[in-house]
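Only the coordinates and a few stated rules stand behind these numbers; no lab work does. This one's a predicted model, so the numbers in the text were calculated from it and none came from an experiment. Ideal geometry is used to build each Cβ from the backbone, glycine not excepted, and the neighbour counts take in all protein chains shown.
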Ligand SMILES: *Cc1c(COP(=O)(O)O)cnc(C)c1O
C-alpha cells in the first residue's frame with residue numbers, strides 16, 4: 001500500500017523542498033470551510049493550538065505561544081523586534097541565509113548587533129560565543145538558527161544555550177526548519193523565545209508563524225516593537241484577554257494547522273516525526289551516494305531536514321534541465337544558494353516516506369541517463 005495515496009489522486013508533485021511542503025489530504029480538507037473569527041469553536045481552536053505548541057517545547061507555565069499572521073520571517077522579525085529593547089544589542093550567529101536575514105531585520109529596526117560568522121559548512125564554536133559575550137557586556141541577547149536550512153546543517157543549540165545561560169544573556173532561536181522534528185526542551189535548553197511556522201516540520205499549510213516565549217519576557221517588552229502588526233506584546237495581550245487575534249486571522253490556515261498538530265501527535269510527536277525524517281534522510285543520502293553524488297556536509301553535521309548535494313562536474317549535467325526532468329516525473333527539488341560550493345538541495349520533510357524517497361531516487365537515475373551523465377561526482381576539492 002502506498003503510504004500517502006492521496007497524491008496519486010491530486011497529481012500534485014512531491015515537494016522535496018524546505019517549504020512549503022507536501023501536506024496530507026486530511027490537512028488540506030479542513031480548509032473547505034469558513035469560520036467567523038469570534039466563533040467559540042474557532043476561539044477554542046486557537047487556544048488548543050497555543051497550548052499544543054507550548055507543550056511541544058516543554059515550556060510549562062513559564063512560556064506562552066503567540067501566533068502571528070504571515071510566513072516564518074514575520075515571526076522571526078516579531079520576536080527580534082519585540083524582545084530586543086530599542087537600546088539593546090544582539091549577538092547574531094551566522095552560517096547561512098537565515099542568520100544573515102536576522103542582521104537585515106536588525107538593520108531595518110535599528111537594533112545594534114555584533115555578528116559571529118562561520119562558513120556555511122561550519123557550526124559556531126561555543127567557546128568563541130563565550131569570548132564575545134565576555135568582551136561585549138552590552139550584548140543582552142544571542143540569536144541562533146537551530147537548523148540552518150541554507151545547507152541543512154544542525155547547529156549545536158544545546159551547547160549554545162548553555163554558554164548563553166552561563167553568561168546570563170538571553171537566547172532567541174530561529175527553529176523554523178527544526179521545530180516539531182528535532183527536540184528543543186525549554187527545561188534543558190534554556191531559551192527566551194523561539195520562532196517557527198506552520199508549514200515546515202509540523203506539516204501545516206503556509207500563512208502562520210508563531211513565537212514560543214517566556215511570559216515574563218513578553219511582559220517586559222511593552223514599547224519595544226517598531227511595527228504595530230508585529231508587536232508580540234500586544235498580540236499576546238489580545239489573545240490572553242479575549243482569545244482572539246488583533247487583526248483578521250488566516251482562519252483556514254489555523255484550521256489546517258490544528259489538524260496538522262493532531263496528525264503530528266498521532267505520529268508519535270517530535271520523536272515519531274523526527275524518526276520518519278531521519279529515515280528519509282538516510283535513505284536519500286545512501287541512494288544518492290550509490291549513484292556517485294556527494295553531500296556538502298559530513299554526516300555528523302547533517303540534520304534530517306534538507307540535504308545539500310555538490311553539483312556534478314560533468315558538463316552534460318545542467319541543473320535547470322535536471323530540475324525540469326524531475327518535476328515532470330513528479331518530484332520538485334531546490335536549488336542551492338551557497339558561497340562555499342555549487343550545489344542543489346533535496347528535502348526530507350513534509351508528508352514523504354520511504355516510497356517517495358525511492359521514487360525520487362529512481363527519477364534522479366532516469367534524469368541522469370536522459371542527460372547522458374554517467375558519473376555525477378563533483379569536481380575534486
Ligand atoms: C523557512 C525558514 C524561515 C522562514 O522563511 P519564510 O520564507 O519566511 O517562511 C526562517 N528560518 C529558517 C531557518 C527557515 O528554514
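Among 166, 100, 28, the largest mean-square fluctuation in a Gaussian network model of the chain, built with springs joining Cα atoms closer than 10 Å, belongs to 166.
Taking every DSSP bridge with both residues inside the chain, close to 55 percent are antiparallel. Between the stretch 77-130 and the stretch 297-359, the C-alpha centres lie 28 angstrom from each other.
Relative to the dominant Cα principal axis of the chain, helix 269-291 is inclined by about 30°.
The angle between the Cα long axis of helix 40-56 and the main principal axis of the chain comes to about 80°, on a 0 to 90 degree scale. For the stretch 186-247 versus the stretch 267-287, the inter-centroid distance based on Cα atoms is 28 Å.
The listed peptides 327-335, 16-24, 258-266, ordered by packing as a protection proxy, come out as 16-24, 258-266, 327-335 (highest mean of other Cβ atoms within 10 Å first). Highest-first packing order for the peptide set 345-355, 106-116, 50-60 is 345-355, 50-60, 106-116, based on the mean count of other beta carbon atoms within 10 Å. Note that the stretch 206-298 carries a Kirkwood radius of 17.1 Å, evaluated over its alpha carbons pair by pair.
Note on the chain: Cα-Cα pairs beyond 31 Å make up 37% of the total pair count.
Using alpha carbons only, how many degrees (0 to 90, rounded to 10) separate the axis of helix 232-242 from the longest principal axis of the chain? That helix lies at roughly 70 degrees to the long axis.
As a proxy for reagent exposure, ranking 357, 132 by other Cβ atoms within 10 Å from fewest up yields 132, 357.
Each label was represented as a point 7 Å from its Cα along the Cα-to-Cβ direction; for residue 319 and residue 377 these points are 2.2 nm apart.
Of 77, 294, the sequence from fewest to most neighbouring Cβ atoms within 10 angstrom is 294, 77. Computed from the C-beta positions of residue 291 and residue 104 and an R0 of 35 Å, the FRET efficiency is 0.40 to the nearest 0.05. Once you put a point 7 Å from the Cα of residue 87 and another 7 Å from the Cα of residue 188, both along the Cβ direction, what distance in nm separates them? The modelled label-to-label distance comes out at 4.0 nm.
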